[in-house]
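Every number here is computed from the coordinates shown, using simple stated rules; none is lab data. Please read all numbers here as calculations on a predicted model, not as lab measurements. Cβ sites come from the backbone with ideal geometry, for glycine too, and all protein chains shown count toward neighbours.
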């Protein structure tokens, strides 16, 4: 993550000269002066971006990992001692931490699954030709655009145990017979959190699936309709396999996002153990309890999990960087 | 057969109606609640019988909410300008020039966009305190680069790559330097892409919560999400829901207007960032 040097004195790969832009102008031995000039410019133009990334991403990450091996406190970050893996040991035997891990995984799996199914249904609906489709798609963007904190507060009010509209509606419909404390009841609160996340992020899923659906060739469906094949069968035999790559990317994107969830739980349920995610737990240790060393250990653990997922994403998604991620 | 078709249509539009109600109702409910004053808030009414603006006044008198909005605007706009500036030149290098290590760099950029924010929290806290930027908007602007920069670089690189090669070749034959190529040839063509990525970066910065919560201290330095999360009324036991709903509506409406105006661009930006990535 360090800033690369600006002088591009690399040994040349044989193929590069050919693929580079108009290198035919000068027939210098090896590579043209122009190509060399362009490569130097490339690094020069990259340098500011890379310097900023190194400063705000690489360096803080390295420091966090370093702190996780120390007993640093927020009160005085400078005076700390190296304590080896002690923080990780305490982490491993803390049931609250494992509760947070479980909460996060449970949250991620359930909400991403529901979002995928729901997003698929909505996308298929929006994909049909009907008047006012553009307006509908605009409506889909509303939950997406609303800040998470605002969504959490809006739903917090709807979940209110005495005056909440959700209790009112559910009582009216007959789903429940007494008002529930959706947020305060530890057996319900995780589902309350999941419901908000599903509401907020299903549109993202829908839009990605919709984009994939609109790239599908129409002839296939025409043929299927002429042959009188059941639409459900068409969906599972034709549509799903065709949009699977896009769907996988969307699912992995959302899973990565869900694993680092913080603001939703924090605003809706505070530091409640019943819902605290790994991020909430780490921040509580770091800021509220001022235990930077221990909190950093938790954060590092989360980072490793996400890193593992990212590696899976890059392999499964077969992101080809030389082609530019197509 | 016709009846079956009719029932099918009916079912379809019922489904559409359900989808609309589901997506729109929570925000509608926030608007309705924000217009109910006093004890009216505690009655479930789907239309406010006597709308009042008390809650909207309360938001601005109870805390420096005007200042919070200004903070959010300053931070978000700066983040957009800074990340677009850094990303355009970087995207030119990554998208148009073949050089060794390009694939690795793109991978680094993509990996950074996956960072959980909490993983850099303690290191970032130390950095910000060391730079003397604690409880300072500049600290927020700097730290927000971690999530806007990878994204803008990625999307703009994808966009740059798809522009025709001939444009650049003509300029190079005329002896234009890479800087001139970027500013004179590419930048005029990049308007749509810049609007899309800029808007997405703006929304991300406007909505950010964890850093804003951790790196600011005083009410005057808070951004909108933190202010909304921490609104407390006179009573210790009950949140001032009316004020919270009013504040929620205030910060969401401009965002929704932006999103509605640019909805096509946003959708294409989201899909470029995810489907193609």
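Over the whole of A:269-282, what's the average partner chain Cβ count within 10 Å per residue? Rounded to a whole number, please. Present the calculation step by step, with values, prior to reporting the outcome.
Values: counts 0, 0, 0, 0, 0, 0, 0, 0, 1, 2, 6, 2, 1, 5.
Across the residues of A:269-282, the mean count of other-chain Cβ atoms within 10 Å is 1.
When chain A is treated as a Gaussian network with alpha carbon springs shorter than 10 Å, the biggest mean-square fluctuation among A:99, A:254, A:63 belongs to A:63. As a length-normalised measure over Cα pairs under 8 Å and 6 or more apart, the relative contact order of region A:90-316 settles at 30 percent.
Net length available on complete extension from residue A:102 to residue A:51 is 14.7 nm, with 0.36 nm assigned per residue and the Cα-Cα distance removed. Only helices enter this figure: runs of n ≥ 4 DSSP H residues, each worth -39500 (n - 2.57), summed and divided by the residues of chain B, yield -23000 deg cm²/dmol at 222 nm to the nearest 500. The mean sequence distance of close C-alpha pairs (under 8 Å, at least 6 residues apart), as a share of the length of chain B, puts its relative contact order at 30 percent.
Give me the Kirkwood hydrodynamic radius of region A:68-188, using the inverse of the mean 1/r over all pairs of distinct Cα atoms, in Å to one decimal.
For region A:68-188, inverting the mean 1/r across all distinct Cα pairs yields 19.4 Å.
Summary of the geometry: region B:152-166 and region B:105-135, compared by the centres of their Cα atoms, lie 26 Å apart.
Obtain the radius of gyration and the Kirkwood radius of region B:90-207 from its C-alpha atoms and give Rg over Rh. The Rg/Rh ratio comes out at 1.06. Normalised by residue number, the volume inside the convex hull of the Cα atoms of region B:2-52 is 82 Å³ per residue.
Dividing the helix sum by the residues of chain A, where each DSSP H run of 4 or more adds -39500 (n - 2.57), gives a mean residue ellipticity at 222 nm of -20000 deg cm²/dmol. Share of pairwise Cα-Cα distances greater than 23 Å in region B:61-274 is 54 percent (whole percent).
Could you state the angle between the C-alpha long axis of helix B:2-34 and the longest principal axis of the C-alpha atoms of chain B, as a value from 0 to 90 degrees rounded to the nearest 10? Tilt relative to chain B: about 80 degrees.
Contact order for region A:204-326, expressed relative to its length and based on alpha carbon pairs under 8 Å spaced 6+ residues apart, stands at 19 percent. Taking the C-alpha atoms only, the angle from helix B:137-161 to the longest principal axis of chain B is near 60 degrees. Taking the Cα centroid of region B:8-71 and of region A:35-78, what is the distance between the two, rounded to the nearest whole Å? About 43 Å separates the Cα centre of region B:8-71 from the one of region A:35-78. Highest GNM mean-square fluctuation among A:109, A:311, A:287, for chain A modelled with Cα contacts below 10 Å: A:311. Note on chain A: with a GNM built from Cα contacts shorter than 10 Å, the maximum mean-square fluctuation among A:309, A:235, A:289 falls on A:235. Divided by 2.2 N^0.38 Å, where N counts the residues, the Cα radius of gyration of region B:19-167 comes to 1.54.
What's the ranking of B:172-184, B:90-102 by average number of surrounding C-beta atoms within 10 Å, highest first?
B:90-102, B:172-184
With R₀ set to 30 Å, the beta-carbon distance separating residue B:6 from residue A:121 gives a calculated FRET efficiency near 0.85. Can you check what the Kirkwood hydrodynamic radius comes to for the protein assembly as shown, Cα pairs only, in Å to one decimal? Radius from the Kirkwood sum: 26.1 Å. The Kirkwood hydrodynamic radius of chain A, based on inverse pair distances between different Cα atoms, is 24.1 Å. For the residues of B:146-155, the average number of beta carbons from a partner chain within 10 Å of their own beta carbon is 3. I'd like the distance separating the alpha-carbon centroids of region A:261-316 and region A:145-222, in whole Å. Each part's Cα centre sits 23 Å from the other's. Extension gain for residue B:100 to residue B:232 (0.36 nm times residue separation, less C-alpha to C-alpha distance): 42.0 nm. Compactness check for region A:215-308: Cα Rg over 2.2 N^0.38 Å is 1.78.
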